[in-house]
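First up is the structure itself, then whatever we jot down about it.
The values are calculated or read from the model by the stated rules, or taken from the named source; none is laboratory data. Here the structure is a predicted model, which means the values were calculated and not measured. All Cβ positions, glycine included, derive from the backbone under ideal geometry; neighbour counts span all protein chains shown.
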Amino acid sequence: MRIKLLLVVLLVLPAFAAMAADPVTSPDQVVQHSAKSLLDSVSSKRDEFKTHPEELYDLAQKDLLPYFDFDYASRLVLGLAWRNANPQQRKDFQDAFVHYLVHSYADGLLQGNYSDRDLQVEPWNGVMTDNRTVVKTKVMRANARPVEVDYQMHTTPEGWKAFDVTIEGISYVLNYRNQFGPEIQAKGLDELIKRLNDEASAKKPPQGGTGQN
């Protein structure tokens, strides 16, 4: 079972904003307390975002970029292709990947119908001196079993950042690595970069519907 990337980003990224600002707060508390603010903001401005999608993209980029370690995630996603890429290709891939994810996130924000009550965060048993940790959560759904979502986090000079998310045992990093790998072998990294940019630019927030996947 797959959940749109929006759900992952929507629930996790506000947490890292608060975590970076208050390193004493435990990761599970941050996820629990900070998810509500973004969810409420999107819910209250949903109609406005449908009319002015550029504002939604700005919101998505503001929430996404500072708190997700795209440099590390890009290295993991590309694997050998990252090591073989030149500096310009690495930068171009990161920019295209961010562009693609931001627009996917923005599209999904208008489709989801989530609230803070949908998220259950398991108590975190780590210590604050850890360099890496996992925050385990469950997304509750009406008339369906909960979806397990685990947030992989590590420390950086800017504080805690996400670098991978696992949904029902499926890693976001591995999923994209498996998707991009054959495409790079067949067409090359430059063609993948072009596709990601083209698909992101073509995305438009939906004009209706509140379906939850």
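Just a few scattered comments:
- Filter pass, residue 129 being among the hydroxyl-bearing types (Ser, Thr, Tyr), free of Cβ contacts under 8 Å to residues at least 40 places away in the same chain and either farther than 24 Å from residue 70 by Cα or not in a strand (DSSP E or B) (or both): yes
- Residues (free of Cβ contacts under 8 Å to residues at least 24 places away in the same chain and in a loop (DSSP other than H, G, I, E, B)) located in segment 143-166: 143, 157
- Residues (modelled with pLDDT of 85 or more and either surrounded by 15 or more Cβ atoms within 10 Å (Cβ to Cβ) or in contact with a strand residue (DSSP E or B) (Cβ under 8 Å, 6 or more places away or on another chain) (or both)) located in segment 132-149: 132, 133, 134, 136, 146, 148
- When restricted to residues that are among the acidic types (Asp, Glu) and closer than 18 Å to residue 122 by Cα, segment 142-163 contains 2.
- For residue 154: the one exception among (1) out of contact with any helix residue (DSSP H, G or I) (no Cβ under 6 Å at 6 or more places or on another chain); (2) within 23 Å of residue 87 (Cα to Cα); (3) of a type outside the set (Phe, Trp, Tyr): (2)
- Looking across segment 131-141, just one residue is of a type in the set (Ser, Thr, Tyr) and within 13 Å of residue 120 (Cα to Cα), and that is 137.
- Search result, residues across segment 167-191 that are in a helix (DSSP H, G or I) and small (Gly, Ala, Ser): 181, 186
- Elements of type helices (runs of 4 or more DSSP H) in segment 59-119, at least 3 residues being surrounded by fewer than 16 Cβ atoms within 10 Å (Cβ to Cβ) and modelled with pLDDT of 80 or more: 80-84, 87-111
- Considering segment 150-171, the residues that are within 28 Å of residue 129 (Cβ to Cβ) and of a type in the set (D, E, K, R) include one that is modelled with the highest pLDDT, namely 164.
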